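Report on the structure given below.
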Amino acid sequence: RKEVIARIRKKTDKNAAKLWEKSIQDAAAGYCIGPFFDEDTVSEAVGSKDWIPTERLGVVQKGKVREVDSATINFVNTSTVITERLGLGSTDANVALIRILRRRLRNKGQAGRQILGWVLDETKAYRQIPVRPEHRRFSVVALKEPGSGRIGFFVMIGHSFGLTAAVYNYNRRSRLIDEILVNLLEVLSSFFYDDKFGFEQMETALSSIACAISFHHI
């Protein structure tokens, strides 16, 4: 813990103000609690004196600052045991599906009908998957408060972007949603992490994306 805090104190992040603002917004949305400026207060919040902070970094992507929690130097990612393989959509499967749709339309004498693609990008996807309360001591993030230079701690309620566990825990839900959409609601959908997408003939594509949106809200 001392090593991580010392590392954060030494560094200067040009995106510090935006990073702090986004962390406060996460707290307001219920994705985390904080900020705390005292280690004993963090211990009370996580229910243990044995907790370790994760350095929060500001990474610029497409002109926006994204909060990435670097769980490598504190060994949280290293200590994560992976017991399953990720099942994700692939380009080959997409091409195969489009070919099948075209062939079926052609066999029906409807070769001129259009096939449309749709895509959904889930907002704050990993944040929506909760951390088990007894595991929150491994999900404390730390960063500098702009101006004062104090180290602020946020206890994550939802998963952090940057943790190995977040990828696998989120994808279980994403895969479950896809199974329900395909097998129960008969939507030709697939997914790649937090991107949900599908291909259908034009007449049903709009109802499919409406169904997928509604089901995500549910």
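Quick notes on this structure:
- Residues in the stretch 153-176 that are free of Cβ contacts under 8 Å to residues at least 60 places away in the same chain and either assigned to a strand (DSSP E or B) or over 30 Å from E39 (Cα atoms) (or both): R172, R173, S174, L176.
- Selection from the stretch 39-56 of residues that are open to solvent by less than 50 Å² (accessible area, probe 1.4 Å) and out of contact with any Leu (no Cβ under 6 Å at 6 or more places or on another chain): V42, S43, A45, V46, S48, W51, I52, P53, T54, E55
- Search result, residues across the stretch 67-91 that are closer than 20 Å to R9 by Cα and either at pLDDT 95 or above or open to solvent by 70 Å² or more (accessible area, probe 1.4 Å) (or both): T72, F75
- Residues of the stretch 182-193 satisfying the condition of being surrounded by 18 or more Cβ atoms within 10 Å (Cβ to Cβ) and under 30 Å from S160 (Cβ atoms): S189, S190, F191
- Given (1) of a type in the set (D, E, K, R); (2) modelled with pLDDT of 90 or more; (3) not in a helix (DSSP H, G or I), index of the condition R113 fails: (2)
- Among the residues making up the stretch 112-129, those that are surrounded by 11 or more Cβ atoms within 10 Å (Cβ to Cβ) and of a type in the set (G, A, S) are G117, A125.
- Residues located in the stretch 1-35, provided they are under 11 Å from F154 (Cβ atoms) and of a type in the set (G, A, S): S23, A27, G34
- The condition of being open to solvent by 60 Å² or more (accessible area, probe 1.4 Å), in a helix (DSSP H, G or I) and modelled with pLDDT under 90 holds for only one of E203, E179, that being E203.
- Matching residues, the stretch 129-152, being part of a strand (DSSP E or B) and touching a residue at least 60 places away in the same chain (Cβ under 8 Å): V140, V141, A142, L143, K144, I151, G152
- R127 being out of contact with any helix residue (DSSP H, G or I) (no Cβ under 9 Å at 6 or more places or on another chain), of a type in the set (K, R) and modelled with pLDDT of 90 or more: no
The values are calculated or read from the model by the stated rules, or taken from the named source; none is laboratory data. Fair warning: this is a prediction, and the values are worked out from it, not measured in the lab. Here the Cβ is made from the backbone with ideal geometry for all residues, glycine too, and neighbour counts use every protein chain on show. Please note that ligands, DNA and RNA were not included when accessible areas were found on the heavy atoms of the full protein model with its side chains. Shrake-Rupley method; radii C 1.70, N 1.55, O 1.52, S 1.80 Å.
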